[in-house]
1. Compute, for segment 159-222, the length of the dipole vector about the Cα centre, with Cβ point charges of +1 (Lys, Arg) and -1 (Asp, Glu) only. Units Debye, rounded to 20.
2. Given the -39500 (n - 2.57) contribution per DSSP H run of 4+ residues, what per-residue ellipticity at 222 nm results for the chain, rounded to the nearest 500 deg cm²/dmol?
3. Net charge within 11 Å of Arg182 by Cβ-Cβ distance, Lys/Arg positive one each and Asp/Glu negative one each, not counting Arg182 itself?
4. Mind ordering 71-81, 104-114 by average Cβ neighbours within 10 Å, highest first?
5. Computing the accessible area with a 1.4 Å probe over protein heavy atoms, can you report the carbon and sulfur percentage for segment 153-269?
6. Mind pulling the angle between the C-alpha long axis of helix 291-304 and the longest principal axis of the chain? Nearest 10 degrees, somewhere in 0 to 90.
7. Return, ordered by residue number, the residues of segment 99-139 whose backbone nitrogen is under 19 Å from a label point located 7 Å along Cα→Cβ of Lys198.
8. From the square roots a ≥ b ≥ c of the eigenvalues of the alpha-carbon gyration tensor of the chain, which class results: rounded (a/c under 1.5), prolate (a/b over b/c), or oblate?
Amino acid sequence: MNGAGSMESIMAVKKAYTDNRRVTVKVPASTANLGPGFDSLGMALSMYAWIEMSASQTGETVFRLHGDGMDGLPTDKSNLLYKVAQLVFDEAGVSMPELTIEMYSEIPLARGLGSSATAIIAALVAANALIGSPLDDLKLFELATKLEGHPDNVGASLFGGIIVAAWDGETVQHARIEPPARLETLVAIPAFELATEKARHALPSGLAMADAVFNVGCSSLLVAALASGELGLIRHAMKDRLHQPYRAPLIPGMTEILERATDFGALGAALSGAGPTMIAFVDAESESGSKAELESFLQETLRKEGIQAETLWLAPCVSGPVVTVESADADHDGETFLERIKGERA
Ligand code: HSE
């Protein structure tokens, strides 16, 4: 065997992209950690991002990004959506055409509602659907976890509902829990951004054994409470000594919200992901406390610290991405992407 021949035999020959699809994917936002389940628990929320992907008609990759904060994102091949799509094409052994990528997101950036995880899942699912879905959800989950560095947000956006996941840096395992039907959430989204990287830098490199044991107990109890629907346990379970205390200086008002939200009828409260959004879990059928009182408690507590926040009631989202595949030539009377998804946007 000569050298060139052996090279040929080990080089993967990519299939040309010949399909002519336009794929639209709607993906839910997420809240991670749920208090004690740092990097391992996530829940999808009813707030969404949409992506549309097709092979470019002009021979050049084109981005059209819509929504708050999208202006500052790159619109060349350094864009995360493009890089993620490239990963799928490479993984599937298909040569990537130039793409048209449009995205609209109602998920605020860098607020702890999983906007980057949602974007990763949107691009993975769209690129996969564009080439006939050769990769299964478990493969997409593994790719997403590697990209994001933890499985909590991406798992929730990919599978919907509540995700319990374990990641060892190589492989990821998960179980999905159907959110209890009475569970509702209230989020308070501060006007300021907090980069996940900064919030992770606030964490210590080591932890006291007693604190680790405390979190194992709370996180396990929370999973059991959510799986069994024993909502009364949540107030005892939604406690954390692993990340929230260290992040508290970055989110003034957070400690008071965590300590007192149950006085205003919440089942429990947590920092949503790396923050700065705060999330309260509520029993939609409970008679104790009024929703308006809880909302103004969150607003007022943050306002006292000089922080403006938007409050929103969000139901858990029970489904993962919703995918629509059609011919790229479908015109729908000249409708634009934003017009196509208009009926679904909040
Ligand atoms: N589990 C992650 C964290 C979520 O708390 O840092 C944010 O991406």
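The values are calculated or read from the model by the stated rules, or taken from the named source; none is laboratory data. Keep in mind it's a predicted model, so treat the numbers as computed, not measured. No Cβ is skipped: glycine too gets one built from the backbone with ideal geometry, and neighbour counts run over all protein chains shown. Remember, those area values only see protein heavy atoms, side chains included, never the ligands or the DNA or RNA. Shrake-Rupley method; radii C 1.70, N 1.55, O 1.52, S 1.80 Å.
1. Details: 4 positive and 7 negative charges, 26 e Å.
It comes to approximately 120 debye.
2. Numbers: 12 runs with 116 residues, N = 346.
The per-residue figure over the chain is -9500 deg cm²/dmol.
3. On the way: positive: none; negative: Glu184, Asp283, Glu285.
With Lys, Arg at +1 and Asp, Glu at -1, the net is -3.
4. Numbers: 71-81: 13.2, 104-114: 23.1.
Highest to lowest by the protection proxy: 104-114, 71-81.
5. Details: 2990 of 5380 Å².
Solvent-exposed carbon and sulfur of segment 153-269 make up 56 percent of the total.
6. 90 degrees
7. From segment 99-139, the list is 108-117.
8. On the way: a/c = 2.13, a/b = 1.63, b/c = 1.31.
Prolate, because a/c is 1.5 or more and a/b exceeds b/c.
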